[in-house]
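The values are calculated or read from the model by the stated rules, or taken from the named source; none is laboratory data. Predicted model, so just to flag it, every value in this text is computed and none were measured. A quick note on method: Cβ atoms are made from the backbone with ideal geometry, for glycine too, and the neighbour counts reach across all protein chains shown.
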Amino acid sequence: MTLPSLGESVTEGVITRWFKRVGDLVARDEPLFEISTDKVDSEMPSPAAGVLVQILADEGDTVETGARVAVIDESAQVAPAEPPSAPAPPSPAAPPSGGTATPVAPAAVAPARPPEPVAPAPGLEPATGGERAGLVTSPVVRRILADGGVDPASIHGSGPGGAITRRDAERAVANGPTDDQVVPLSHGLRRMGQHMALSAQTTPHGFVAIEIDGDVFVELERLGRHTRDGVPIADEMVVGLAAVRALGEFEFLNATFAGDELVVHRTVNLGFMREVHRDGMLVPVVHAAAGLTLRALARRVHELGERVDSRQLTTDDLMGGTFTLVGPTGARTLWTQPIIIQPQVAVLSMGAVRQSAIVRDDGGVPRVDVGARLVLGLSFDHRVCEPFTATAYLERVGELIAGLDLESER
């Protein structure tokens, strides 16, 4: 028997306990020993039925996958113990010649010794309580049952001789089926996976993130989160507006690859990541976003969002993106590190706006205030950009956000 594969990236394990001794009879799939790795503790089942004739790795030994750990003789059998022979009855003494036989008292017979209880195999202990007392469980199974508060005596084991297996224990603790479920991927998830895998394989990704001042979002709350036309203004619309304007100074980030050539676009077509329930994500595009006010950008993004919700997006709504923004994925999102959407060369991400302690300089004296902060991140193609320039772009976006005139932009 060799140590089988213990999972991806796991190459060795420590044998913590043998459940059988040399000379013990083992059944196929019966737990033979327990092994511990840096990820999980597992029971190793016997690959065959027979007699354990040799143990090649002791408890505490570190064993590599594929190494021999035991020898099981499938042709051997355990010889039954021979019953003790009954003592021969005493022969009566021969009477002397011509005499009369003298009766002999029968020999005292020792009382029968009661059978001794058979100890369970090493590492296996009898389950206690209930009508099913005497079933055996391994350490891993006992731990599962103990943590789940399940009495072993209440389980009908499916293992050899009624032993409780790990699957029996998991099913009892879960109080339901524990069999794996095969779930087919939707077309949208498969398509998204294919695109992201292609990008990860073809693009040398880099990533950098910075924290910026978010006081403008406090001001937005004060003024009201709607344009004069009544369109809602989300935080990502403010960031998107500044991102588009900063691209005027970092044009090489507003580009796409065409084979081995980089096409730098003069028109900014800004994509916004949108989740599609149980079907991955879509990236509708605001075409010709450069020059838009916050009011106009909010209206365009809102219209696209309504078409996403009603599933009325057209092909044109999803084509032609040159730069993408990923908004916060939750109220506590610090940052995300998105994969670049091919054939683009960069994607901007933002965390949620949050209240934070800020150290300010008050005439040379540090002062702690409470203010709004958020994190901006940039995933970039190393063929086009490097961390220093990516950081410079993010800092410029932060400056433009801080300098927005919300009153006039709304």
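Would it be correct to say that Glu221 is surrounded by fewer than 17 Cβ atoms within 10 Å (Cβ to Cβ), assigned to a helix (DSSP H, G or I) and modelled with pLDDT of 85 or more? It is true that Glu221 is surrounded by fewer than 17 Cβ atoms within 10 Å (Cβ to Cβ), assigned to a helix (DSSP H, G or I) and modelled with pLDDT of 85 or more. Within the stretch 322-348, if we keep just the residues that are touching a residue at least 60 places away in the same chain (Cβ under 8 Å) and of a type in the set (Gly, Ala, Ser), the residue that is farthest from Asp260 (Cα to Cα) turns out to be Gly327. From the list Leu404, Leu400, the one residue that fits, being out of contact with any strand residue (DSSP E or B) (no Cβ under 7 Å at 6 or more places or on another chain), buried (at least 17 other Cβ atoms within 10 Å of the Cβ) and part of a loop (DSSP other than H, G, I, E, B), is Leu404.
A count restricted to the stretch 55-70 and to residues that are assigned to a strand (DSSP E or B) and surrounded by 14 or more Cβ atoms within 10 Å (Cβ to Cβ) stands at 3.
In the stretch 290-311, the residue that is surrounded by the fewest Cβ atoms within 10 Å (Cβ to Cβ) out of those that are more than 35 Å from the chain's Cα centre (by Cα) and without any contact (Cβ under 8 Å) to a residue 60 or more places away in the chain is Gly291. Looking at Phe380 and the list (1) touching a residue at least 60 places away in the same chain (Cβ under 8 Å); (2) assigned to a loop (DSSP other than H, G, I, E, B); (3) among the hydrophobic types (A, V, I, L, M, F, W, C); (4) in contact with a strand residue (DSSP E or B) (Cβ under 6 Å, 6 or more places away or on another chain), which single condition is not satisfied? For Phe380, the failing item is (2). Taken together, the criteria exclude Val301 from residues that are hydrophobic (A, V, I, L, M, F, W, C) and in a loop (DSSP other than H, G, I, E, B). Which residues, counting only those in the stretch 317-368, are in contact with a helix residue (DSSP H, G or I) (Cβ under 7 Å, 6 or more places away or on another chain) and of a type in the set (Phe, Trp, Tyr)? Scanning the stretch 317-368 gives a single hit, Phe323.
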